[in-house]
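Heads up: the structure comes next, in structure tokens.
The values are calculated or read from the model by the stated rules, or taken from the named source; none is laboratory data. Model, not experiment: these values are computed from the prediction. Backbone-built Cβ (ideal geometry, glycine too); neighbour counts: all protein chains shown. Accessible surface is based on the protein model in full, side chains and every heavy atom, while ligands, DNA and RNA are left aside. Shrake-Rupley method; radii C 1.70, N 1.55, O 1.52, S 1.80 Å.
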Amino acid sequence: MPKSIIVQPETVFARSTIQFSDIPVNAYQDDLAAYPAADLLSIWEDMCAIREFETILNEIKLKGTFQGIAYQHAGPAHLSIGQEAAAVGMAFALTADDHIYGSHRSHGEILAKAFSAIRQLSEARLMEIMRSYRDGAILGPVEARHQGAVRDLAFRFFLYGAYSEIFARETGLNRGLGGSMHAFFTPFGIYPNNAIVGGSGSIAPGAALFKRVNRRPGIVVANIGDASFGCGPVWEGITFASMDQYRTLWDPSLGGGLPILFNCINNHYGMGGQPCGETMGCRFIARIGAGVNPEQMHAERVNGYDPLAVIDALRRKKRVLLEGKGPALLDTITYRISGHSPSDASSYRAKEEIERWREADSIQAFRRRVSESGAVPADLLDSAADRMRAMVFDMFRLAADLEASPRVPVDSELVGSVMFSNRKVGKFDDRAPELMQSVADNARVEQIRGKIRTPLHEGRPVPKMKAYNIRDAIFEALVHRFAMDPTMIAFGEENRDWGGAFGVYRGLTELLPYHRLFNTPISEAGIVGAAVGYGLEGGRVVAELMYADFMGRAGDEIFNQLAKWQAMSAAQVPMPVVLRISVGAKYGAQHSQDFSALVHHIPGLKVVYPVTPYDAKGMMNAALAGTDPVVFFESQKIYDFGEMFEDSGVPEDYYEIELAEPSIKRKGQDLTIITFGPALYTAIGAADDLAAQFGLSAEVIDLRSAVPLNYNPLVDSVRRTGKVLLLSDAVERGSVMQTVAANLTQLAFDYLDAPPVVLGARNWITPAAELEAMFFPQRGWLLDAIHERILPLKGYRPATNQTLEELARRARLGV
Ligand SMILES: Cc1ncc(C[n+]2csc(CCOP(=O)(O)OP(=O)(O)O)c2C)c(N)n1
Ligand SMILES: [Mg+2]
């Protein structure tokens, strides 16, 4: 059922001009009188508390002591002294249902958001949050020293949790595993800050997507710096967030455009570079909105030195977003009086400039304005500030105290215990999954029903057209979970009408509404970033990268985001994301490389590569039942292969294959061949040759999963055979198989007749289809290598050079 957005030549060739509207700059008109004194006081208190919080950090970084408390803080402290009004104004306009994502410089934003949530939530809810969060680990030390009002306790709780987090204490918001640049606390709507500049720009759209798809209240704010607007992933996030389809193709009851505000915290500097006047050309970040969509992202520039101007802008943007007219962009002008970090000597800016901004300091300006207007007397403001400062100092003192606020011991396995959550979650929500037809009525499901799921049919090999293949297997697993988990969605390039880049999704267009399966822009960083944001919010998602070669385009999102948030949150958030990555062939150097080694190297990702229908279904089922990020490789060479190993065929019913388990595909006793990826079929061919020509029986084991990996079946086999060859289509240098070989050497050293031999593709670019036989390991290479390096084969004459001398020669040349 193709969508009906028809492109008409006469329309697109008609003469016209493209119109832009004016972009407001500092449009706010003073409305101080509209605020009750209590609100003005709370804005003041919050700004003062943030200033004090960071002043203390600055002092201990520079001097190692603050008011008699000595403390050496080894880690980073990117301070936002000067930016408090922007943070407090932003948070004042939000509720706990609104989620913020931040940057390396977000202490002020997380404190402001917490204070705002604490002022809004009921006392009962606050107590519930504080008591239940990590079983009261943060509350305990605070409560022991403070008996007072709940809200007061909650302020202390958060200040203490934040300081403890920055100081890497067990009592930190994230058990000290996040730290200054990655602290967060989801019960108050505070989602990850991000040490990768612009990191939140591609993730936050996924959070907004989660709100739309799952009809959740609130908006999402990505607080990112002015220099981050030079980052590709930020532009990709904006592109992802501004797709027309939310309003043209999706069910209107979902609410329209993504409820996301890109809030540029514009302090005029990167570290030393200046986006305006030096490193970018837009002059006004707000201008960027004009290029994005006809609404120009409702962009405007706002005075971030005035908290009331920020509140006014935030409220208006929030209204627009809740009306489904997102995304929005704010260019919030502020200034970082502090250095980029405490060691920064500010060599890149004039002292006079810093002085001018210090004179204009938002906190002092607010004090003058509020007291002179008579709204709140100066002495009341001053005593409130004193009270806040004392509270902040108290919590600093408590967090700095190693006895009250211990670190985990260095011999602790804490980090290892949170790298993966290893949970099983059937569904992340109880509502009925939205489907457009019953699964049984789906044409593809019907077609698969007629396919043959066994290796043989009536004693004969099954013809390709009739065989239940790997595409069908993945499809079946996906459909199962789509029909069970209402939060589950899938997206990527050409995912919908095209049927997925390689036809795996054919038939899903009829089954799933747009918001559960959709096409994205060609924005790999945007795709993976959005999947990360969706997963962080607690939704299940399958994202597709068309070719492994495109992983570089989503490098940060895969390596630093998808992989790391579970551990950096100390297991507070899940990451139920399956990243399907297809490995190409026949398309040359930039479309045919198996990059499994890259993700295998990154802690925090599960990495699997099933190559049979039985394995593909069972492993996709397991990936879709879990809560960890799984990079699920698929090979384009073999999508239409039927089952060749499971005699009883691929079950129609649901089953899971544990992701750590290798699979013995053929039993043997003379030699072990271990494969990863479609090289399994090459190995089977070689095993046939060994049997036919030399009477040798090779045991062939498919690794299936690189991470996690149970070595026991491999070691058992090698102990029996004493000989092992490892094979994959990835280039040999640094491949998954090199790691497996190194570990097997140690695990089975005493049983080995010869060192393990690793065969992979040559350390070259992948050449043209016609030349691939010189690049990917061929079945003859296995016999050549076995003959040269493991077991001389009687009368055998190798056709290729697989000797150790050749290995050393190639290494010397770097090829
Ligand atoms: C991808 C990436 N590149 C470079 C850095 C190093 N770095 C940290 S902060 C920063 C400047 C960021 O400027 P901006 O986005 O305006 O935020 P601000 O520091 O002004 O708050 C740089 C270059 C990084 N952390 N991540
Ligand atoms: Mg900046």
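So here's what we get for this one:
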{"item": "Residue pairs meeting the criteria (Cβ under 6 Å; at least 6 apart or on separate chains; first in a helix (DSSP H, G or I), in region 225-237; second of a type in the set (Ser, Thr, Tyr))", "result": "233/202; 234/228; 236/202; 236/523; 237/202"}
{"item": "Hits in region 656-688 - residues which are open to solvent by 30 Å² or more (accessible area, probe 1.4 Å) and touching a Gly at 6+ places or on another chain (Cβ under 8 Å)", "result": "656"}
{"item": "Pairs where the first residue, in region 50-68, is farther than 22 Å from residue 83 by Cα and polar (S, T, N, Q) and the second is open to solvent by less than 40 Å² (accessible area, probe 1.4 Å) and part of a helix (DSSP H, G or I), C-beta under 7 Å, 6+ apart", "result": "67/393"}
{"item": "Helices (runs of 4 or more DSSP H) fully within region 372-450 counting 1 or more residues that are more than 32 Å from the chain's Cα centre (by Cα)", "result": "378-400, 443-449"}
{"item": "Residues of region 86-109 that turn out to be within 12 Å of residue 263 (Cβ to Cβ) and more than 10 Å from ligand 1 (Cβ to nearest atom), as a count", "result": "11"}
{"item": "Residue selected from region 204-248 under the condition within 16 Å of ligand 1 (Cβ to nearest atom), open to solvent by 10 Å² or more (accessible area, probe 1.4 Å) and within 18 Å of the chain's Cα centre (by Cα), by the criterion farthest from residue 524 (Cα to Cα)", "result": "231"}
{"item": "In region 58-85, residue nearest to ligand 1 (Cβ to nearest atom) [restricted to those that are among the hydroxyl-bearing types (Ser, Thr, Tyr) and farther than 30 Å from residue 369 by Cα]", "result": "71"}
{"item": "Any chance residue 265 is near ligand 1 (Cβ under 10 Å from one of its atoms), under 25 Å from the mean Cα position of the chain (by Cα) and on the phi < 0 side of the Ramachandran plot", "result": "yes"}
{"item": "Selection count, region 189-203, where residues are surrounded by fewer than 24 Cβ atoms within 10 Å (Cβ to Cβ) and more than 17 Å from residue 525 (Cβ to Cβ)", "result": "1"}
{"item": "Selection from region 69-95 of residues that are in a loop (DSSP other than H, G, I, E, B), in contact (Cβ under 8 Å) with a residue 40 or more places away in the chain and open to solvent by 40 Å² or more (accessible area, probe 1.4 Å)", "result": "76, 95"}
{"item": "Test set (1) basic (Lys, Arg); (2) touching a Phe, Trp or Tyr at 6+ places or on another chain (Cβ under 8 Å); (3) assigned to a helix (DSSP H, G or I); (4) within 30 Å of residue 244 (Cα to Cα) - residue 367 fails condition number", "result": "(4)"}
{"item": "Every residue from region 319-373 that is among the small types (Gly, Ala, Ser), buried (at least 19 other Cβ atoms within 10 Å of the Cβ) and at pLDDT 95 or above", "result": "326, 328, 362"}
{"item": "Close pairs from region 249-276: first open to solvent by 50 Å² or more (accessible area, probe 1.4 Å), partner within 11 Å of ligand 1 (Cβ to nearest atom), Cβ under 6 Å, at least 6 apart", "result": "271/340"}
{"item": "Residues (open to solvent by 30 Å² or more (accessible area, probe 1.4 Å), assigned to a loop (DSSP other than H, G, I, E, B) and within 16 Å of ligand 2 (Cβ to nearest atom)) located in region 277-304", "result": "277, 278, 279, 283, 284"}
{"item": "Residue in region 438-453 that is open to solvent by 40 Å² or more (accessible area, probe 1.4 Å), touching a His at 6+ places or on another chain (Cβ under 9 Å) and not polar (S, T, N, Q) present", "result": "yes"}
{"item": "Pick from region 1-49, criterion without any contact (Cβ under 8 Å) to a residue 40 or more places away in the chain and of a type in the set (A, V, I, L, M), ranking: nearest to residue 289 (Cα to Cα)", "result": "18"}
{"item": "Qualifying residue in region 455-470 (condition: touching a Lys or Arg at 6+ places or on another chain (Cβ under 6 Å) and part of a loop (DSSP other than H, G, I, E, B))", "result": "yes"}
{"item": "Region 511-527 residues that are closer than 16 Å to residue 255 by Cα and open to solvent by 10 Å² or more (accessible area, probe 1.4 Å), paired with ones that are of a type in the set (Asp, Glu) and outside any helix (DSSP H, G or I) (beta carbon under 8 Å, 6 or more apart)", "result": "513/251; 513/434; 514/251"}
{"item": "Every residue from region 584-621 that is within 20 Å of residue 643 (Cβ to Cβ) and open to solvent by 10 Å² or more (accessible area, probe 1.4 Å)", "result": "614"}
